[in-house]
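Following: one structure in structure tokens, then a few remarks.
The values are calculated or read from the model by the stated rules, or taken from the named source; none is laboratory data. All values reported here derive from a predicted model rather than from experimental measurement. Ideal geometry is used to build each Cβ from the backbone, glycine not excepted, and the neighbour counts take in all protein chains shown.
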Amino acid sequence: MSDASSDLLRLAAERAIRYREDIGERRVAPLPAAVEQLSTLGGPLPETPQPPADILALLDEIGSPATVATAGGRYFGFVTGSSLPVTVAANWLAAAWDQNAALYVMSPAAAEVERIALGWLLDILGLPAEAGGAFVTGATMANFTALAAARHAVLERVGWDVEGDGLFGAPPITVVVGAEAHTTLHKALALLGMGRNRVITVPVDGQGRMRSDALPEISGPAIVCIQAGNVNTGAFDPAGEIVTWAHDSGAWVHVDGAFGLWATAAPARASQMAGFDGADSWATDAHKWLNVPYDSGLAFVRDADMLRQSMTATAAYLLTSAQRDSMHSTPESSRRARGVEIWAVLRALGRAGVADLVERCCRHATRFSEGLRAAGYDVLNEVTLNQVLVAFGDDDTTRRVMAAVQDDGTCWCGGTAWQGRVAMRISVSSWATTEDDVERSLAAIIRLAGEQ
């Protein structure tokens, strides 16, 4: 590599380091003026090559001020985790490797790192050691991947080859979901041809948990989707009862555990995951609570062969291998080696470190709820995980408070509609959040709410 190329990479690292060093003191949402400056990145396509160092400088000087400080400690929107320094560093190295993780022969390093990481993940999440796994982009594709395996399995049982013959003329599949199922689950069902609207919806209780006393009668090919960690309240469906009922009817049980699945890793929170290990497939994110860089989703399937049969690709030029070829477990063929950051964070934190990360975020959420209740505001959920829902009076007042919090810049919290009320949602899932971040944010929220 030339001296110019080496200098460019060092410059990029220096700019990235400065960005992360300063993020704790900057406002969370960018100023409107910074967002307006993004237009200067456009204009006509250059006719001639431009100096790479100038391009990097422009991207940093215009782009960085317009980013949202999601990597800092006071972003509480959309269950967005930060990225631990070890994962950023591993990501940089993996980018320098520039490996295609589709086949073992294309990158033994990527394949072995992902194989090891998969084993560690199954261990820390309390899932069957023999389960198959897929490293994908996020919860949408994790749900898609696991549900593709489910679709294959339930149709194979009645003699239908869905990969070969498609869904035209196939036996219908009954899909059961809770009324609080996440939108990514419905999107995955639509992509798989099972439909957003052809589902049987089970009513939920006051925390968004599926009601086990309202389960329907089912028969034939069926998939039951349950939730570990409601995106609004953090609540868990009653998995033990639902799994038993579903399996007695011959149904496949899939778990959408985008962030809630990580409760297993924290002994003080793990009881909420009782019964979920009896399911047939699970989806979660590593870019949420494991705090690796975007994008990083995970799908797990108890019967690894069902995953492989639903995802296998064949072509004359694809070299067969006795090793694990990940393209036969994922929707993608060519993809980045996203397992590298997962391996790095699990190696760095170990079992105790992951448990502490999860538990610390839950304690912060509890502190938010206690402080808001003490100030006279209405916390709408049982805060047993990392989610807090709060209303500040009527819906219009709550909307004004949310807008004021977002404009203020001290922290950033999102909004939601929860069982007939508008609420502000506080999601704590970042390693970078400190007690000081919580107190600063809490003080700002209470001050701004009092001004409305």
Residue set ALA16, ALA29, ALA34, ALA12; condition assigned to a loop (DSSP other than H, G, I, E, B) and under 30 Å from THR433 (Cβ atoms); output residue ALA29
Exactly one of ARG338, ARG324 is within 29 Å of THR140 (Cα to Cα), in the same structural domain as ILE124 (by TED's automatic domain parsing) and touching a Pro at 6+ places or on another chain (Cβ under 9 Å), and that residue is ARG338
The one condition PHE135 fails out of (1) of a type in the set (Phe, Trp, Tyr); (2) over 17 Å from the mean Cα position of the chain (by Cα); (3) under 15 Å from SER329 (Cα atoms) is (2)
Going through the range 71-88 in order, the residues found to be in contact with a helix residue (DSSP H, G or I) (Cβ under 7 Å, 6 or more places away or on another chain) and in a loop (DSSP other than H, G, I, E, B) are ALA71, GLY73, ARG74, LEU84
In the range 125-140, anything assigned to a helix (DSSP H, G or I) and either buried (at least 24 other Cβ atoms within 10 Å of the Cβ) or at pLDDT below 95 (or both) is listed as ALA139
When every residue in the range 146-168 that is in a helix (DSSP H, G or I) and among the charged types (D, E, K, R) is compared, the one nearest to ALA299 (Cα to Cα) is ARG151
